[in-house]
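Engineer: Attaching a single structure in C-alpha coordinates format; questions to follow.
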Amino acid sequence: MAAPVSTDTPSVMDDPIISEYEEVFKLLTENPPEQILDIQVPYSKYIQIEAAFSRIRADKNISEKSIQYNNFTETVTVATSPNCIHEVAVFELNFDIINCANNYLSEHSPGLAACILPLGSTTTTDFDGDYAHSSKQPDGGITYCAIGVGSEVTIAIEVALSQSYKSLCDAKDMWIIGHHVKVCILVCINESPRFNNPTSAYDNIENVRTEMAIMGQSVAELMEHGYYGPIFYREHMWTGEMTARIEIWRPGCSSPDRYELIRDRVCCPNLPATLGLRISDLFPDDAWEALDVQDRNIPFDGSRFMRSLMTAMLLTARERFRRFIASQ
(Lines give C-alpha, C1' and ligand atoms only; values in the text may rest on other atoms or scores of the structure.)
Protein backbone atom coordinates (compact mmCIF):
# COMPACT_ATOMS: atom_id res chain seq x y z
CA MET A 1 0.00 0.00 0.00
CA ALA A 2 1.33 3.43 -0.92
CA ALA A 3 2.18 5.78 1.89
CA PRO A 4 -0.23 8.70 2.44
CA VAL A 5 0.68 11.81 0.50
CA SER A 6 2.37 14.32 2.80
CA THR A 7 0.75 17.71 3.20
CA ASP A 8 4.08 19.01 1.90
CA THR A 9 3.45 17.47 -1.53
CA PRO A 10 3.75 20.28 -4.08
CA SER A 11 0.22 21.07 -5.29
CA VAL A 12 1.22 21.57 -8.93
CA MET A 13 2.59 18.04 -9.35
CA ASP A 14 0.59 15.80 -11.67
CA ASP A 15 -0.85 12.42 -10.63
CA PRO A 16 1.98 10.14 -11.92
CA ILE A 17 4.60 12.23 -10.13
CA ILE A 18 2.54 12.30 -6.95
CA SER A 19 2.36 8.51 -7.04
CA GLU A 20 6.14 8.27 -7.46
CA TYR A 21 6.61 10.93 -4.78
CA GLU A 22 4.70 8.69 -2.38
CA GLU A 23 7.20 5.91 -3.00
CA VAL A 24 10.14 8.26 -2.40
CA PHE A 25 8.47 9.68 0.70
CA LYS A 26 7.96 6.13 1.97
CA LEU A 27 11.67 5.38 1.57
CA LEU A 28 12.63 8.57 3.38
CA THR A 29 10.28 8.16 6.32
CA GLU A 30 10.62 4.40 6.81
CA ASN A 31 14.28 4.35 5.66
CA PRO A 32 14.47 0.61 4.87
CA PRO A 33 18.12 -0.34 4.20
CA GLU A 34 19.56 -1.42 0.87
CA GLN A 35 16.97 0.36 -1.26
CA ILE A 36 17.41 2.56 -4.30
CA LEU A 37 14.66 4.22 -6.31
CA ASP A 38 14.86 6.18 -9.57
CA ILE A 39 12.03 8.38 -10.80
CA GLN A 40 12.05 10.61 -13.85
CA VAL A 41 10.93 14.23 -13.41
CA PRO A 42 12.01 17.50 -15.07
CA TYR A 43 14.24 19.85 -13.10
CA SER A 44 11.37 22.18 -12.23
CA LYS A 45 9.56 19.32 -10.50
CA TYR A 46 12.76 18.16 -8.79
CA ILE A 47 13.15 21.60 -7.21
CA GLN A 48 9.64 21.28 -5.77
CA ILE A 49 10.34 17.77 -4.49
CA GLU A 50 13.63 18.83 -2.91
CA ALA A 51 11.99 21.82 -1.22
CA ALA A 52 9.23 19.59 0.18
CA PHE A 53 11.76 17.04 1.41
CA SER A 54 13.75 19.77 3.14
CA ARG A 55 10.67 20.74 5.13
CA ILE A 56 9.84 17.10 5.89
CA ARG A 57 13.40 16.37 7.07
CA ALA A 58 13.34 19.40 9.37
CA ASP A 59 9.91 18.57 10.80
CA LYS A 60 10.44 14.84 11.27
CA ASN A 61 14.23 14.72 11.79
CA ILE A 62 14.62 12.33 8.87
CA SER A 63 18.12 11.30 7.79
CA GLU A 64 18.19 9.54 4.44
CA LYS A 65 21.29 8.22 2.72
CA SER A 66 20.99 10.59 -0.23
CA ILE A 67 18.70 12.26 -2.72
CA GLN A 68 20.38 13.07 -6.03
CA TYR A 69 19.45 14.43 -9.44
CA ASN A 70 20.80 13.71 -12.93
CA ASN A 71 19.75 16.70 -15.04
CA PHE A 72 20.67 15.03 -18.34
CA THR A 73 18.49 11.95 -17.80
CA GLU A 74 16.02 13.91 -15.61
CA THR A 75 16.25 11.26 -12.89
CA VAL A 76 15.83 11.66 -9.14
CA THR A 77 17.62 8.91 -7.20
CA VAL A 78 16.91 8.15 -3.56
CA ALA A 79 19.21 5.66 -1.85
CA THR A 80 18.84 4.45 1.73
CA SER A 81 21.63 3.07 3.92
CA PRO A 82 23.82 0.60 1.98
CA ASN A 83 24.93 -2.79 3.29
CA CYS A 84 28.38 -3.85 4.40
CA ILE A 85 29.33 -5.33 1.00
CA HIS A 86 28.87 -1.93 -0.62
CA GLU A 87 30.79 -0.03 2.06
CA VAL A 88 33.72 -2.47 2.18
CA ALA A 89 34.21 -2.32 -1.60
CA VAL A 90 34.44 1.48 -1.43
CA PHE A 91 36.79 1.47 1.55
CA GLU A 92 39.20 -1.08 0.08
CA LEU A 93 39.59 0.80 -3.21
CA ASN A 94 40.07 4.14 -1.47
CA PHE A 95 42.56 2.55 0.92
CA ASP A 96 44.77 1.19 -1.88
CA ILE A 97 44.79 4.51 -3.72
CA ILE A 98 45.42 6.75 -0.70
CA ASN A 99 48.02 4.41 0.80
CA CYS A 100 50.01 4.30 -2.44
CA ALA A 101 49.75 8.08 -2.89
CA ASN A 102 50.99 8.74 0.65
CA ASN A 103 53.93 6.37 0.33
CA TYR A 104 55.00 7.64 -3.09
CA LEU A 105 54.52 11.36 -2.49
CA SER A 106 56.16 11.28 0.94
CA GLU A 107 59.35 10.28 -0.89
CA HIS A 108 59.08 12.44 -4.02
CA SER A 109 57.03 15.46 -2.94
CA PRO A 110 56.10 15.39 0.77
CA GLY A 111 54.32 18.72 0.64
CA LEU A 112 51.75 17.42 -1.85
CA ALA A 113 50.81 14.28 0.05
CA ALA A 114 48.22 16.26 2.02
CA CYS A 115 46.61 17.44 -1.23
CA ILE A 116 45.34 13.96 -2.11
CA LEU A 117 42.20 13.35 -0.07
CA PRO A 118 39.53 10.64 -0.11
CA LEU A 119 36.27 11.90 -1.57
CA GLY A 120 33.70 11.76 1.20
CA SER A 121 29.93 11.63 1.06
CA THR A 122 29.50 15.39 0.56
CA THR A 123 27.04 16.10 -2.24
CA THR A 124 28.69 17.52 -5.37
CA THR A 125 26.72 20.10 -7.38
CA ASP A 126 29.25 21.88 -9.64
CA PHE A 127 28.46 19.93 -12.81
CA ASP A 128 28.33 21.67 -16.18
CA GLY A 129 27.01 21.31 -19.73
CA ASP A 130 24.04 18.96 -20.03
CA TYR A 131 24.58 18.02 -16.37
CA ALA A 132 24.22 21.55 -14.97
CA HIS A 133 21.77 21.56 -12.01
CA SER A 134 22.72 17.94 -11.21
CA SER A 135 23.66 16.81 -7.72
CA LYS A 136 25.56 13.62 -6.88
CA GLN A 137 26.83 11.97 -3.75
CA PRO A 138 29.71 9.68 -4.74
CA ASP A 139 30.38 6.35 -3.09
CA GLY A 140 34.08 7.12 -2.96
CA GLY A 141 36.97 8.59 -4.89
CA ILE A 142 39.79 11.13 -4.75
CA THR A 143 39.86 14.91 -4.49
CA TYR A 144 42.93 17.00 -5.25
CA CYS A 145 42.86 19.99 -2.92
CA ALA A 146 45.62 22.61 -2.80
CA ILE A 147 45.50 25.67 -0.54
CA GLY A 148 45.02 28.80 -2.59
CA VAL A 149 44.15 26.83 -5.72
CA GLY A 150 40.92 25.04 -4.93
CA SER A 151 39.80 21.46 -5.20
CA GLU A 152 39.04 19.10 -8.04
CA VAL A 153 37.57 15.60 -8.11
CA THR A 154 39.99 13.44 -10.10
CA ILE A 155 38.66 9.92 -9.43
CA ALA A 156 35.08 8.90 -8.69
CA ILE A 157 34.02 5.47 -7.41
CA GLU A 158 30.50 4.12 -7.87
CA VAL A 159 29.53 0.77 -6.34
CA ALA A 160 26.30 -0.97 -7.33
CA LEU A 161 24.83 -4.01 -5.59
CA SER A 162 22.16 -5.55 -7.83
CA GLN A 163 21.56 -2.12 -9.38
CA SER A 164 20.89 -1.78 -13.10
CA TYR A 165 24.00 -1.44 -15.24
CA LYS A 166 22.39 1.44 -17.13
CA SER A 167 21.92 3.37 -13.88
CA LEU A 168 25.58 2.79 -13.03
CA CYS A 169 26.69 3.98 -16.47
CA ASP A 170 24.49 7.07 -16.15
CA ALA A 171 26.38 7.90 -12.94
CA LYS A 172 29.68 7.28 -14.73
CA ASP A 173 28.71 9.67 -17.55
CA MET A 174 27.72 12.32 -15.02
CA TRP A 175 31.19 12.21 -13.47
CA ILE A 176 33.20 12.00 -16.70
CA ILE A 177 31.18 14.31 -18.96
CA GLY A 178 29.59 16.60 -16.40
CA HIS A 179 32.45 16.88 -13.90
CA HIS A 180 35.49 15.99 -16.03
CA VAL A 181 37.02 13.42 -13.68
CA LYS A 182 40.05 11.61 -15.03
CA VAL A 183 38.83 8.16 -14.00
CA CYS A 184 35.50 6.67 -12.93
CA ILE A 185 35.69 3.27 -11.22
CA LEU A 186 32.55 1.13 -11.38
CA VAL A 187 32.23 -1.83 -9.02
CA CYS A 188 29.44 -4.05 -10.33
CA ILE A 189 28.28 -6.57 -7.72
CA ASN A 190 25.25 -8.74 -8.34
CA GLU A 191 23.41 -10.82 -5.76
CA SER A 192 21.22 -13.56 -7.20
CA PRO A 193 18.51 -14.01 -6.19
CA ARG A 194 17.84 -10.69 -4.50
CA PHE A 195 17.33 -10.88 -0.74
CA ASN A 196 13.86 -11.07 0.77
CA ASN A 197 12.90 -11.54 4.41
CA PRO A 198 11.29 -14.81 5.51
CA THR A 199 7.52 -14.87 5.05
CA SER A 200 6.83 -16.07 8.58
CA ALA A 201 8.22 -15.04 11.98
CA TYR A 202 10.65 -17.10 14.04
CA ASP A 203 9.11 -17.93 17.40
CA ASN A 204 12.02 -19.60 19.18
CA ILE A 205 14.77 -16.97 19.24
CA GLU A 206 16.08 -16.53 22.79
CA ASN A 207 19.24 -14.52 22.14
CA VAL A 208 19.87 -12.72 18.82
CA ARG A 209 23.62 -12.38 19.35
CA THR A 210 23.93 -16.10 20.00
CA GLU A 211 21.95 -16.85 16.86
CA MET A 212 24.18 -14.55 14.82
CA ALA A 213 27.28 -16.31 16.16
CA ILE A 214 25.78 -19.69 15.26
CA MET A 215 25.05 -18.39 11.75
CA GLY A 216 28.73 -17.46 11.38
CA GLN A 217 29.82 -20.90 12.52
CA SER A 218 27.36 -22.59 10.15
CA VAL A 219 28.88 -20.94 7.07
CA ALA A 220 32.52 -21.44 8.10
CA GLU A 221 32.99 -24.32 5.67
CA LEU A 222 31.47 -22.27 2.84
CA MET A 223 33.94 -19.48 3.48
CA GLU A 224 36.91 -21.82 3.95
CA HIS A 225 36.26 -23.17 0.45
CA GLY A 226 36.07 -19.65 -0.95
CA TYR A 227 32.42 -19.67 -1.99
CA TYR A 228 30.74 -16.29 -2.36
CA GLY A 229 27.22 -17.30 -1.38
CA PRO A 230 24.55 -18.23 -1.01
CA ILE A 231 24.36 -18.12 2.81
CA PHE A 232 21.54 -20.17 4.34
CA TYR A 233 20.50 -20.23 7.98
CA ARG A 234 17.31 -21.54 9.55
CA GLU A 235 16.18 -22.71 6.11
CA HIS A 236 16.29 -19.21 4.68
CA MET A 237 18.77 -17.53 2.29
CA TRP A 238 20.30 -14.40 3.83
CA THR A 239 22.63 -13.59 0.92
CA GLY A 240 22.42 -14.82 -2.62
CA GLU A 241 25.19 -15.96 -4.92
CA MET A 242 27.61 -13.14 -5.74
CA THR A 243 29.26 -12.12 -8.98
CA ALA A 244 31.53 -9.07 -9.20
CA ARG A 245 33.72 -7.10 -11.57
CA ILE A 246 35.49 -3.74 -11.65
CA GLU A 247 35.42 -1.42 -14.65
CA ILE A 248 37.82 1.48 -15.23
CA TRP A 249 36.37 4.24 -17.41
CA ARG A 250 38.27 7.20 -18.80
CA PRO A 251 37.15 10.20 -20.88
CA GLY A 252 36.78 9.38 -24.56
CA CYS A 253 36.80 5.61 -24.09
CA SER A 254 33.94 3.66 -25.68
CA SER A 255 34.62 0.61 -23.51
CA PRO A 256 36.31 0.15 -20.12
CA ASP A 257 39.12 -2.00 -18.81
CA ARG A 258 37.23 -4.85 -17.11
CA TYR A 259 38.48 -7.03 -14.26
CA GLU A 260 36.36 -10.04 -13.30
CA LEU A 261 36.50 -10.82 -9.57
CA ILE A 262 33.82 -13.43 -8.81
CA ARG A 263 32.39 -15.97 -11.24
CA ASP A 264 30.51 -19.22 -10.53
CA ARG A 265 30.59 -18.49 -6.78
CA VAL A 266 34.39 -18.42 -6.56
CA CYS A 267 37.14 -15.86 -6.85
CA CYS A 268 38.50 -15.58 -10.39
CA PRO A 269 42.08 -16.81 -10.85
CA ASN A 270 44.95 -14.42 -11.57
CA LEU A 271 43.53 -11.33 -9.92
CA PRO A 272 45.09 -8.14 -11.29
CA ALA A 273 47.99 -6.56 -9.43
CA THR A 274 46.87 -3.15 -10.69
CA LEU A 275 43.67 -1.70 -12.13
CA GLY A 276 45.60 0.56 -14.50
CA LEU A 277 45.47 3.55 -12.18
CA ARG A 278 48.53 5.78 -11.97
CA ILE A 279 49.75 8.45 -9.57
CA SER A 280 49.17 11.06 -12.29
CA ASP A 281 45.44 10.18 -12.25
CA LEU A 282 45.20 11.77 -8.80
CA PHE A 283 46.26 15.22 -10.03
CA PRO A 284 44.81 17.76 -12.46
CA ASP A 285 46.98 17.76 -15.58
CA ASP A 286 48.60 21.14 -14.91
CA ALA A 287 49.41 20.24 -11.30
CA TRP A 288 50.97 16.95 -12.39
CA GLU A 289 53.10 18.59 -15.07
CA ALA A 290 54.36 21.15 -12.54
CA LEU A 291 55.27 18.36 -10.13
CA ASP A 292 57.81 16.93 -12.59
CA VAL A 293 58.24 13.50 -10.99
CA GLN A 294 58.18 10.04 -12.53
CA ASP A 295 54.76 8.39 -12.81
CA ARG A 296 54.01 4.92 -11.44
CA ASN A 297 51.21 2.36 -11.27
CA ILE A 298 48.95 2.20 -8.22
CA PRO A 299 48.85 -1.41 -7.00
CA PHE A 300 45.64 -3.30 -6.31
CA ASP A 301 45.66 -5.81 -3.44
CA GLY A 302 43.18 -8.23 -4.99
CA SER A 303 43.59 -10.91 -2.33
CA ARG A 304 42.81 -8.50 0.51
CA PHE A 305 39.91 -7.01 -1.45
CA MET A 306 38.35 -10.44 -1.98
CA ARG A 307 38.85 -11.55 1.63
CA SER A 308 37.22 -8.36 2.83
CA LEU A 309 34.33 -8.84 0.40
CA MET A 310 33.71 -12.34 1.72
CA THR A 311 33.73 -11.14 5.33
CA ALA A 312 31.35 -8.34 4.36
CA MET A 313 29.02 -10.91 2.81
CA LEU A 314 28.75 -12.72 6.15
CA LEU A 315 28.28 -9.45 8.07
CA THR A 316 25.50 -8.49 5.66
CA ALA A 317 23.76 -11.82 6.23
CA ARG A 318 24.01 -11.40 10.00
CA GLU A 319 22.70 -7.83 9.89
CA ARG A 320 19.75 -8.85 7.71
CA PHE A 321 18.95 -11.61 10.19
CA ARG A 322 19.21 -9.18 13.13
CA ARG A 323 16.92 -6.63 11.49
CA PHE A 324 14.36 -9.31 10.69
CA ILE A 325 14.28 -10.51 14.30
CA ALA A 326 14.06 -6.92 15.58
CA SER A 327 11.09 -6.22 13.29
CA GLN A 328 9.01 -9.14 14.60
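Engineer: What shape does the range 92-157 have by the C-alpha gyration tensor, where a ≥ b ≥ c are the square roots of the eigenvalues, rounded means a/c under 1.5, and otherwise prolate means a/b greater than b/c and oblate the rest?
Structural biologist: oblate
Engineer: Using only the Cα atoms of the chain, each taken as one equal point scatterer with no solvent, compute I(q) by the Debye sum, divide by I(0), and report log10 of the ratio at q = 0.08, 0.10, 0.11 Å⁻¹.
Structural biologist: Log-scaled intensity ratios, in q order: -0.44, -0.68, -0.81.
Engineer: Evaluate the Kirkwood expression for the hydrodynamic radius of the range 181-313, namely the inverse of the mean inverse distance over all pairs of different C-alpha atoms, and round to one decimal in Å.
Structural biologist: Across the range 181-313, the inverse of the average 1/r is 17.9 Å.
Engineer: Using amide H atoms built in the peptide plane, which far-off residues or other-chain residues are under 5 Å from Cys268 H to H?
Structural biologist: Here Ile262, Arg263 satisfy the definition.
Engineer: A follow-up question, please. Just to be sure I understand: if I project the alpha-carbon convex hull of the range 280-328 onto a plane and average over all orientations, what area do I get in nm²? Kindly include the intermediate steps, with their values, before the conclusion.
Structural biologist: Numbers: hull surface 23.1 nm².
About 5.8 nm², averaged over all directions.
Engineer: Long-range amide H contacts for Phe232: which residues qualify at under 5 Å (H placed 1.01 Å from N, peptide plane, sequence gap of 5 or more or a different chain)?
Structural biologist: Result for Phe232 returns Trp238.
Engineer: Additional query: Using θ = phi - 60° and the Karplus relation 6.51 cos²θ - 1.76 cosθ + 1.60, list the HN-Hα couplings for the range 93-109 in order, rounded to whole Hz, with x at every Gly or Pro.
Structural biologist: Coupling constants for the range 93-109: 5, 4, 4, 4, 5, 5, 4, 5, 4, 4, 5, 6, 6, 5, 8, 9, 7 Hz.
Engineer: Need the full-extension length gain, Asp295 to Glu50, defined as separation in residues times 0.36 nm minus the C-alpha distance. One decimal, nm.
Structural biologist: 83.8 nm
Engineer: Based on the alpha-carbon set only, what is the convex hull volume of the range 89-216 divided per residue, in Å³?
Structural biologist: So the per-residue Cα hull volume is 181 Å³.
Engineer: How high is the relative contact order of the chain, given as a whole-number percent (alpha carbon pairs under 8 Å, six or more residues apart)?
Structural biologist: 14
Engineer: Take each of the peptides 253-266, 94-107, 310-323, average the number of other beta-carbon atoms within 10 Å over its residues, and list them starting from the highest.
Structural biologist: Highest to lowest by the protection proxy: 310-323, 94-107, 253-266.
Engineer: Give me the accessible area per residue for the chain, probe 1.4 Å, as a whole number in Å².
Structural biologist: Solvent-accessible surface per residue comes out at 49 Å².
Engineer: Let me ask you something else. Kindly write out, for the range 318-328 in residue order, the coupling ³J(HN,Hα) from the Karplus curve 6.51 cos²θ - 1.76 cosθ + 1.60 (θ = phi - 60°), rounded to whole Hz, with x marking Gly and Pro.
Structural biologist: Using θ = phi - 60°, the values come out as 5, 5, 4, 5, 4, 5, 5, 5, 5, 7, 6 Hz.
Engineer: Expressed as a whole percentage, what fraction of the accessible surface of the range 118-223 belongs to carbon and sulfur atoms when a 1.4 Å probe is rolled over the protein heavy atoms? Mind showing how you got there, number by number?
Structural biologist: On the way: 2510 of 5090 Å².
Of all accessible area on the range 118-223, carbon and sulfur atoms account for 49 percent.
Engineer: Sorted by packing (mean other beta-carbon atoms within 10 Å per residue), highest first, where do 215-223, 198-206, 164-172 land?
Structural biologist: Ranking, from highest mean packing down: 164-172, 215-223, 198-206.
Engineer: Okay, next question. For the range 144-249, count the residues as N, evaluate 2.2 N^0.38 Å, and divide the Cα radius of gyration by that value, please. Kindly include the intermediate steps, with their values, before the conclusion.
Structural biologist: Values: Rg = 20.2 Å, N = 106, 2.2 N^0.38 = 12.9 Å.
Ratio of Rg to 2.2 N^0.38 Å for the range 144-249: 1.56.
Engineer: Using the Karplus curve 6.51 cos²θ - 1.76 cosθ + 1.60 with θ = phi - 60°, what ³J(HN,Hα) values do you get for each residue of the range 219-234, in whole Hz, with x for Gly and Pro?
Structural biologist: Residue by residue, the range 219-234 yields 9, 4, 5, 4, 6, 4, 8, x, 8, 9, x, x, 10, 10, 7, 6 Hz.
Engineer: For the range 247-298, what class follows from the C-alpha gyration tensor (a ≥ b ≥ c being the square roots of its eigenvalues): rounded when a/c is under 1.5, otherwise prolate if a/b is larger than b/c, else oblate?
Structural biologist: Working: a/c = 4.73, a/b = 2.11, b/c = 2.25.
Here the range 247-298 falls in the oblate category.
Engineer: Roughly what percent of Cα-Cα pairs across the range 193-252 reach past 13 Å?
Structural biologist: Cα-Cα pairs of the range 193-252 separated by over 13 Å account for 71 percent.
Engineer: Distances over 19 Å make up what percent of all Cα-Cα pairs in the range 128-203?
Structural biologist: Distances greater than 19 Å cover 49 percent of the Cα pairs.
The values are calculated or read from the model by the stated rules, or taken from the named source; none is laboratory data. Model, not experiment: these values are computed from the prediction. FYI the Cβ positions are ideal-geometry reconstructions off the backbone, even for glycines, and counts take in every protein chain you see. Just so you know, the surface numbers come from the protein's heavy atoms only, side chains and all, with ligands and any DNA or RNA stripped out. Shrake-Rupley method; radii C 1.70, N 1.55, O 1.52, S 1.80 Å.
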